[in-house]
Amino acid sequence: MTSDDDRRNFYSRIAAQYDHAVVEHVRYQAHVRVPERLIELHAKKNARVLDLACGTGLGSISFFESGFEVVGIDYSSGMIDVARKRPYKELFCQSIEDDFPVADRSFDMVTALGVTEFVKNPAALMHRIWQKLCPGGLCALTIPKPTDAAQELDIKTYTLEEFLKFVDDQEFEVIETEEFYGWESGHLSVLDGRTGDPHHRVDYNALFLRKKII
Ligand SMILES: C[S@@+](CC[C@H](N)C(=O)[O-])C[C@H]1O[C@@H](n2cnc3c(N)ncnc32)[C@H](O)[C@@H]1O
């Protein structure tokens, strides 16, 4: 089983090549589709965004272009070093499975793109997100759909119904969901010298939630 240290170090080793590989080879879509829909749903000129597992910052480009203030968290120091070249307000190098070092009720949006496949305690993550959102704030996550290759890829996968069990309906309302291609394995591991890894496709559900105003 892949440990957090293994995964963190893997992302640090491939960080400099990540953006090119995911755009050109993986043909990743989440970093464009999810932020652009959030920006439409928010429909205001200003926003504070918390980008969880921000990686190199690809998923915040649309927010930067909208003039939003973005704070990023990722546990890979190599990915954070690349993210520092982007105009984040603040970056924190730590696990998103620990408390976030930001004020409660201080973000209009929270994203978690390309990471629920690795999260050990999704219910705790959802509650932490809820704490950091302003009332009425938006959250969007990508959720990998079940695939026969999950065990071989060592990732968590969920049907939407399974993942929604981690979302407290006193805390969030589901606004909408969207299905799209997620990623194909093999394109990132090759950057780390593993040329023989199999290519398996993983599809995403994107889940858009709003924090309830209680
Ligand atoms: C596939 S990349 C996605 C990066 C970015 N969100 C994107 O969409 O391009 C996965 C990222 O999750 C980070 N990650 C995985 N588990 C994490 C955790 N528990 N805490 C913080 N970062 C984590 C990795 O370091 C890596 O940067």
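For Asp81, the requirement of being over 23 Å from Ile129 (Cα atoms) and among the charged types (D, E, K, R) is met.
Of the residues making up region 93-120, those that are near the ligand (Cβ under 10 Å from one of its atoms), among the polar types (S, T, N, Q) and surrounded by fewer than 21 Cβ atoms within 10 Å (Cβ to Cβ) are Gln94, Ser95. Exactly one residue out of Phe100, Phe107 is under 15 Å from the mean Cα position of the chain (by Cα) and not small (Gly, Ala, Ser): that is Phe100.
Step by step: first the residues of region 21-40, then only those that are more than 18 Å from the chain's Cα centre (by Cα) and either without any contact (Cβ under 8 Å) to a residue 12 or more places away in the chain or within 23 Å of Val110 (Cβ to Cβ) (or both), then the one that is nearest to the ligand (Cβ to nearest atom). Which residue is that? Here the answer is Glu24. Of the residues that make up region 81-92, is at least one surrounded by 15 or more Cβ atoms within 10 Å (Cβ to Cβ) and farther than 21 Å from Phe68 by Cα? The answer is no, given that none of the residues of region 81-92 is surrounded by 15 or more Cβ atoms within 10 Å (Cβ to Cβ) and farther than 21 Å from Phe68 by Cα.
Take the conditions in contact (Cβ under 8 Å) with a residue 40 or more places away in the chain and outside any loop (DSSP other than H, G, I, E, B) and apply them to Ile175. Does it pass? Judged against the criteria, Ile175 is a match.
Under 22 Å from Ser106 (Cβ atoms), more than 13 Å from the ligand (Cβ to nearest atom) and not in a helix (DSSP H, G or I): does that describe Gly72? Criteria not met by Gly72.
Cβ-Cβ distances below 9 Å connect the following pairs, each with a first residue in region 189-204 that is among the basic types (Lys, Arg), a second residue that is modelled with pLDDT of 90 or more and outside any helix (DSSP H, G or I), and a separation of six or more residues or different chains: Arg194/Gly186; Arg201/Thr147; Arg201/Ala149; Arg201/Tyr181; Arg201/Gly182; Arg201/Trp183; Arg201/Glu184; Arg201/Ser185.
Of the residues Ile61, Ile73, the single one that is touching a His at 6+ places or on another chain (Cβ under 8 Å) and either at pLDDT 95 or above or among the aliphatic types (A, V, I, L, M) (or both) is Ile61.
The values are calculated or read from the model by the stated rules, or taken from the named source; none is laboratory data. In this text the structure is predicted, and so the values were computed from the model without any measurement. We place every Cβ from the backbone using ideal geometry, glycine too, and count neighbours over all the protein chains shown.
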